[in-house]
Ligand code: HEC
Ligand code: HEC
Ligand code: HEC
């Protein structure tokens, strides 16, 4: 390339650039920079701050403080430097995490400049989730449901306070939108789910105050359903080492269905058909022999949920279980 040709090329490039206001780093034009910033934003930021910078996202409904709504900013309400710092280092105590080490310093500047031009200055509609490209052609046909997706109408507004179109919109929302928009605005959010596991449907269940953190303690036994009575391992003094071993094996492998008490009157057992055998029932256990018991455990019972244990438990383990059953649930003949 001759110097002249090179210089000519440069001039042409400068002529083009003079149409765009500034020379961007990395040889990109402003448009290219802007589009590169958009790409980063639409990948890293939209799910909190919203495709259009308005923070109307599902994530927002869960966060406090909420992600910043850039459409309410102007160029003076937040400086470029404050934004770059926040994107680089995050804001402690908020969901805004720093992107240092995740995206480069120059990409941080790209995305900040994009936000400033697109949302803060331009108030532009960037993109939307519900586009034909994303598999939502003509999403406008669902517009009666939009107010429920956007939170304009709370989902728990009584039906009789909705006009016929709003009622149709709410019905549409409840049947097709709620699977994703599962945190619609409500006037009364209702009780917050507690973190305490609930294995049983509880009779007279007293939830305590589980909106407090940590939830106030609830006495599990007192509030539990009767099923829980059958999930307490019987305390029998003086078990031999073999019976102790059988206890461990029984409680680990069999109690799930037959209950810790051997009765099958535990929660799962009560729902099985046929019920797991009550291993304390004299009518059944009276004629039981060690050989038959071991055989059933080994082979299982066809067409029931009683599994065959022969490839899981060794013969001496089955013997230990038999010894335990005989000692704790009902005596078994030799
Ligand atoms: C497969 C998941 C999914 C379903 C189903 C869904 N949405 Fe969305 N919707 C989204 C996502 C993702 C966004 C982007 C905002 C966000 O991330 O919170 C969104 C955004 C919106 C917006 C804001 C504008 C836009 O297009 O980004 C409206 C309005 C909306 N949804 C309405 C509806 C309605 C009405 C239905 C039911 C007919 C529906 N949505 C069903 C996932 C879904
Ligand atoms: C997980 C959610 C989440 C993501 C992802 C996220 N932000 Fe934020 N952002 C927040 C929250 C929450 C705040 C509000 C903090 C507050 O009010 O103090 C915030 C605040 C900001 C602020 C204002 C900082 C200040 O000083 O008040 C900027 C700028 C910002 N975010 C830019 C971005 C950019 C750019 C991205 C993508 C690279 C991004 N955010 C990704 C949640 C998020
Ligand atoms: C997945 C559930 C399940 C597990 C686990 C289970 N059982 Fe059973 N068991 C059953 C059911 C159901 C029956 C009753 C079938 C019937 O009465 O037709 C049964 C029946 C029995 C019987 C009666 C056999 C007979 O002759 O009628 C014995 C004894 C027994 N189980 C012992 C055990 C032992 C010991 C274990 C652990 C090694 C065990 N079960 C694990 C479900 C289970």
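What residue, of 80, 68, 88, is touching a helix residue (DSSP H, G or I) at 6+ places or on another chain (Cβ under 7 Å) and closer than 13 Å to residue 113 by Cα?
None of the other options fit; the residue is 80.
Here is a yes/no grid of residues against (1) outside the structural domain of residue 232 (by TED's automatic domain parsing); (2) modelled with pLDDT of 95 or more; (3) surrounded by 13 or more Cβ atoms within 10 Å (Cβ to Cβ); (4) touching a strand residue (DSSP E or B) at 6+ places or on another chain (Cβ under 6 Å):
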| site | (1), (2), (3), (4) |
| --- | --- |
| 289 | no, yes, no, yes |
| 298 | no, yes, yes, no |
| 307 | no, no, yes, no |
| 315 | no, yes, no, no |
| 334 | yes, no, no, no |
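Could you go through region 320-331 and let me know if any residue there is at pLDDT 95 or above, surrounded by fewer than 18 Cβ atoms within 10 Å (Cβ to Cβ) and assigned to a loop (DSSP other than H, G, I, E, B).
The answer is yes, given that some residue of region 320-331 is at pLDDT 95 or above, surrounded by fewer than 18 Cβ atoms within 10 Å (Cβ to Cβ) and assigned to a loop (DSSP other than H, G, I, E, B).
Considering only region 113-137, state which residues are more than 30 Å from the chain's Cα centre (by Cα) and either in a helix (DSSP H, G or I) or without any contact (Cβ under 8 Å) to a residue 24 or more places away in the chain (or both).
Correct list: 113, 114, 116, 117, 118, 119, 120, 121, 122.
Determine whether residue 189 is away from ligand 2 (no atom under 16 Å from the Cβ), in a loop (DSSP other than H, G, I, E, B) and free of Cβ contacts under 8 Å to residues at least 24 places away in the same chain.
Against the criterion (away from ligand 2 (no atom under 16 Å from the Cβ), in a loop (DSSP other than H, G, I, E, B) and free of Cβ contacts under 8 Å to residues at least 24 places away in the same chain), residue 189 qualifies.
What are the pairs, 6+ residues apart or on separate chains, where a residue within region 79-98 that is part of a loop (DSSP other than H, G, I, E, B) has its Cβ under 6 Å from a residue that is more than 16 Å from ligand 1 (Cβ to nearest atom)?
The qualifying pairs are 94/65; 96/90; 98/88; 98/89; 98/90.
The values are calculated or read from the model by the stated rules, or taken from the named source; none is laboratory data. Model, not experiment: these values are computed from the prediction. Glycine gets a Cβ as well: all are built from the backbone with ideal geometry, and neighbour counts include every protein chain shown.
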